[in-house]
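See below for the structure under consideration.
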Amino acid sequence: MRTIGLIGGMSWESSAEYYRLINQQVRDRLGPLRSARLLMYSVDFGPVEQAQHAGRWDLAAAILVDAARRLAAGGADCLVLCTNTMHKLAGQIQAATSLPFLHIADPTAQAALEAGTLSVGLLGTAFTMEQDFLKGRLEQQGLQVLVPDEQERQAVHRIIYEELCVGIISAQSRQVYQRVIESLQARGAQAVILGCTEIGLLLKPEHSPLPLLDTTELHARAAVAFALTDEAKEPGRDEPLTAP
């Protein structure tokens with residue numbers, strides 16, 4: 001079994017989900033007493049969040065590059081960045097070590113394409129919904145990506161930082177997300193990508209009129225597949241894990 005290297009802490013609420021999902025999937029595949037070989041470096045989210053909202057992505061990159069190097073030194077065989085938003089810095093993190101970097105967009109695109117879904121709505125932080133680092137990679141793999149309007153984006157972003165990242169799960173906020181999903185459905189979305197690793201704590205399949213593609217679950221599944229598949233070709237440094 002290869003050792004999975006997790007860069008966590010953004011927020012720790014979703015990093016705990018990564019740990020749970022990865023170990024559950026290894027147990028399901030190998031047996032009831034089996035668990036994953038993994039290392040997690042959990043950063044302090046406070047300075048990262050401050051850097052995000054100040055536009056100081058260089059400061060955030062320094063924190064995550066340091067985490068990646070520590071995982072490589074500790075014996076990790078791959079890097080899994082446990083956050084969608086910070087995939088904006090995927091290139092810097094990849095360049096910091098020689099380890100394969102398992103990009104969160106790739107298993108998500110694969111799941112959509114395997115389901116025959118070409119038009120997807122994207123929920124996430126304002127950075128993820130408005131910038132191209134995740135959306136562009138999804139589009140490169142054949143998906144049409146729809147994002148909420150400006151007012152909806154503000155509401156989705158606020159709930160992530162003020163509630164989900166600190167463990168608050170609100171039925172009222174779930175209703176806000178449900179209305180946003182209904183709006184995306186009216187515009188032609190066939191499924192919705194939960195493009196923030198905390199959203200799956202709030203929204204379950206029974207809460208949505210559209211199928212949900214939970215990036216946390218799909219990313220964890222990709223990490224387990226990497227760890228357990230000896231014959232799998234490791235992705236190149238800039239090569240997607242999957243292709244349409």
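The values are calculated or read from the model by the stated rules, or taken from the named source; none is laboratory data. Remember, it's a predicted structure, so these values are computed and weren't measured experimentally. Every residue, glycine as well, gets a Cβ built from its backbone with ideal geometry; the counts of neighbours run over all protein chains shown.
Numbers for the structure displayed
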read-out: Residue list for segment 125-146, filter: surrounded by fewer than 13 Cβ atoms within 10 Å (Cβ to Cβ) and either small (Gly, Ala, Ser) or within 18 Å of Leu210 (Cβ to Cβ) (or both); value: Gly136, Gly142
read-out: Residue check for Ile181: buried (at least 19 other Cβ atoms within 10 Å of the Cβ), among the aliphatic types (A, V, I, L, M) and in contact with a Cys (Cβ under 9 Å, 6 or more places away or on another chain); value: no
read-out: Filtered residue count, segment 84-114, keeping only those that are farther than 23 Å from Leu228 by Cβ and surrounded by fewer than 24 Cβ atoms within 10 Å (Cβ to Cβ); value: 9
read-out: Which numbered condition Gly188 misses (of (1) out of contact with any Ser or Thr (no Cβ under 6 Å at 6 or more places or on another chain); (2) surrounded by fewer than 17 Cβ atoms within 10 Å (Cβ to Cβ)); value: (1)
read-out: Count - residues of segment 24-37 that are in contact (Cβ under 8 Å) with a residue 60 or more places away in the chain and of a type outside the set (S, T, N, Q); value: 5
read-out: Residue among Leu81, Leu21 that alone is in contact (Cβ under 8 Å) with a residue 60 or more places away in the chain, crowded, with 23+ Cβ neighbours inside 10 Å, under 19 Å from Cys196 (Cα atoms) and not β-branched (Val, Ile, Thr); value: Leu81
read-out: Subset of segment 122-131 (residues that are assigned to a helix (DSSP H, G or I) and either in the same structural domain as Ala73 (by TED's automatic domain parsing) or of a type in the set (Gly, Ala, Ser) (or both)); value: Ala126
read-out: Test: Ala67 is crowded, with 19+ Cβ neighbours inside 10 Å and more than 23 Å from Ser11 (Cβ to Cβ); value: no
read-out: Filtered residues of segment 85-121 (kept if hydroxyl-bearing (Ser, Thr, Tyr) and either assigned to a helix (DSSP H, G or I) or not assigned by TED's automatic domain parsing to the domain that holds Trp57 (or both)); value: Thr85, Thr108, Thr117, Ser119
read-out: Filtered residues of segment 44-84 (kept if under 16 Å from the mean Cα position of the chain (by Cα) and part of a loop (DSSP other than H, G, I, E, B)); value: Cys82, Thr83, Asn84
read-out: Residue in segment 54-73 that is modelled with pLDDT of 95 or more, of a type in the set (Phe, Trp, Tyr) and closer than 24 Å to Glu17 by Cβ present; value: no
read-out: Scan of segment 147-165 for residues that are crowded, with 17+ Cβ neighbours inside 10 Å and free of Cβ contacts under 8 Å to residues at least 60 places away in the same chain, ordered by number; value: Val147, Pro148, Glu152, Arg153, Val156, His157, Ile159, Ile160, Glu163
